[in-house]
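In what follows, a structure is listed as structure tokens, so that the remarks can point back to it.
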Amino acid sequence: MPTADCWVIENYAYRRCPHPAREFGCTVSLHNHSNHSIESMGFLNQVVKLRFMRPFRGLLQSAFGLADIADLNYADIYYRSPLTVEDVLQTESASAAELGFEGVHLGITDHDEIAGCLELQLAHPEEAHRNPLGEEISFYFDEYLFHIGVTGMPAAGIEQFHAGLQLAAKERRLDDLFEMLRASGSLVVFNHPLVPWGKDVGRRIPAEALLSRYGWAIHALEYNGMRSRQENDRVLQLARHVGKPVIGGGDSHLLLASSVLSLTRAVSFQEFAEEVKEGRAVSLVLPTFFAPLSWKLFLRVLYFIAHYRRIGHFRGQPVSDLLSGKTVLLDPIGFASRGFLCATSALGLIR
């Protein structure tokens, strides 16, 4: 498939679409993360066990100002996306405008958190019909971590509803979780259903089993902008097999606008959600999607290194406080990373 143009996905098949705004009225940008999303650094617990990392374990702890902590659990370190809610809105709106669209239905779905979508509606109440309430819910099924994107959540009693969903997910009461979602009328999307999480590489992902049990409450599967073309093609096959539509989701977290969107002629998000529930959905794949996944992930890691003092936290304490008055190895590396990111951005290589 050539990669210089936009493509749409209809009925599980690709077709070239150089001028999407001539066919559809609006873009829908789902699966967006703001600075209310927390990203765990727990994966470093596995990295530091690697043989080549042994000489660098102390340096890595020192880089976070945690040299004196024995048996450090890196899951206690996290960072937040650097993008504010307003940043996400402006980024996605500008991307839609470049494609010829006058607006975008924008879903802020932070990790197990509704503060971002509430902030967006508070800042732009006149656009509430285009900016639904939502979150990305994490849960375990058959001891495998999955995520669902929930948008169009009811405004009345939203705090209590959110708390109930999170408690059900945490306690693994999945029957209750999906029953609450169905009763709420929210749009429920199975996000990146075939991600092979690090510790589970080689295991058969129980996505089909999840759909067999809870498909009655899941409306669509996601074609994810931060996963590979090969993995997304398998998602298309799975969606066809279970008879679910496929919608686009960006999941970009850092740097750029979403590389995968959805298209609609609906004037409100609720109308779009009803289309999806009826089985009608069109995904839009932008040229930026076709950059190698390894490059996208490399840029995300580099961005963290470049700004970790500002966005990193340890048990709620900013890394900038832990490193106050100190110079550590990551500082010159961070400086070089910022220079590299500026250069690649100027050359149009940020993807």
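The values are calculated or read from the model by the stated rules, or taken from the named source; none is laboratory data. The shown structure was predicted, so the numbers you read here are calculated from the model rather than taken from an experiment. Using ideal geometry, Cβ is built from the backbone for each residue, glycine included, and neighbour counts are taken over all protein chains shown.
Would you pick out the residues in region 274-308 that are surrounded by fewer than 16 Cβ atoms within 10 Å (Cβ to Cβ) and within 18 Å of residue 21 (Cβ to Cβ)?
287
Taking interchain pairs and intrachain pairs at least six residues apart, which have beta carbon atoms under 8 angstrom, with the first residue in region 81-99 and closer than 17 Å to residue 288 by Cα and without any contact (Cβ under 8 Å) to a residue 24 or more places away in the chain and the second surrounded by fewer than 17 Cβ atoms within 10 Å (Cβ to Cβ) and of a type outside the set (Val, Ile, Thr)?
Filtered contacts from region 81-99: 93/103.
Just to be sure I understand the filter: pairs with C-beta atoms under 7 Å, separated by 6 or more residues or on different chains, first member in region 276-295 and farther than 14 Å from residue 233 by Cα, second member surrounded by fewer than 16 Cβ atoms within 10 Å (Cβ to Cβ). Which pairs pass?
282/10; 287/3; 287/4; 287/5; 293/228
Just to confirm my filter: which strands (runs of 3 or more DSSP E) fall fully inside region 186-283 and include at least 1 residues that are touching a helix residue (DSSP H, G or I) at 6+ places or on another chain (Cβ under 9 Å), modelled with pLDDT of 95 or more and more than 24 Å from residue 29 (Cβ to Cβ)?
Once the strands (runs of 3 or more DSSP E) in region 186-283 are filtered for at least 1 residues that are touching a helix residue (DSSP H, G or I) at 6+ places or on another chain (Cβ under 9 Å), modelled with pLDDT of 95 or more and more than 24 Å from residue 29 (Cβ to Cβ), nothing remains.
To keep it simple, each residue is scored yes or no on (1) assigned to a helix (DSSP H, G or I); (2) within 30 Å of residue 225 (Cα to Cα); (3) in contact with a helix residue (DSSP H, G or I) (Cβ under 7 Å, 6 or more places away or on another chain).
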position	(1), (2), (3)
294	yes, yes, no
297	yes, yes, no
306	yes, yes, yes
310	yes, yes, yes
313	no, yes, yes
337	yes, yes, yes
344	yes, yes, no
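Quick one: which of 101, 56 is outside the structural domain of residue 27 (by TED's automatic domain parsing) and surrounded by 13 or more Cβ atoms within 10 Å (Cβ to Cβ)?
Result of the check over 101, 56: 56.
Identify the single condition in (1) of a type in the set (D, E, K, R); (2) touching a helix residue (DSSP H, G or I) at 6+ places or on another chain (Cβ under 6 Å); (3) at positive phi that residue 142 does not satisfy, given that it satisfies every other one.
So residue 142 meets the others, but not (2).
Considering 96, 75, which residue is over 23 Å from residue 320 (Cα atoms), at pLDDT 80 or above and assigned to a helix (DSSP H, G or I)?
96
Identify, please: which residue in region 327-344 is of a type in the set (Ser, Thr, Tyr) and within 28 Å of the chain's Cα centre (by Cα) and is, among those, surrounded by the most Cβ atoms within 10 Å (Cβ to Cβ)?
If we take residues in region 327-344 being of a type in the set (Ser, Thr, Tyr) and within 28 Å of the chain's Cα centre (by Cα), then 337 is surrounded by the most Cβ atoms within 10 Å (Cβ to Cβ).
Every residue in region 29-49 that is modelled with pLDDT under 75 and more than 20 Å from the chain's Cα centre (by Cα), please.
47
What single numbered condition from (1) farther than 19 Å from residue 330 by Cα; (2) surrounded by 14 or more Cβ atoms within 10 Å (Cβ to Cβ) fails to hold for residue 46?
(2)
Restricting to region 1-47, give me the number of residues that are among the hydrophobic types (A, V, I, L, M, F, W, C), part of a helix (DSSP H, G or I) and in the same structural domain as residue 192 (by TED's automatic domain parsing).
Matching residues across region 1-47 total 1.
Do you know which of the residues in region 150-177 that are polar (S, T, N, Q) and under 20 Å from the mean Cα position of the chain (by Cα) is farthest from residue 107 (Cα to Cα)?
Among those that are polar (S, T, N, Q) and under 20 Å from the mean Cα position of the chain (by Cα), it is 166.
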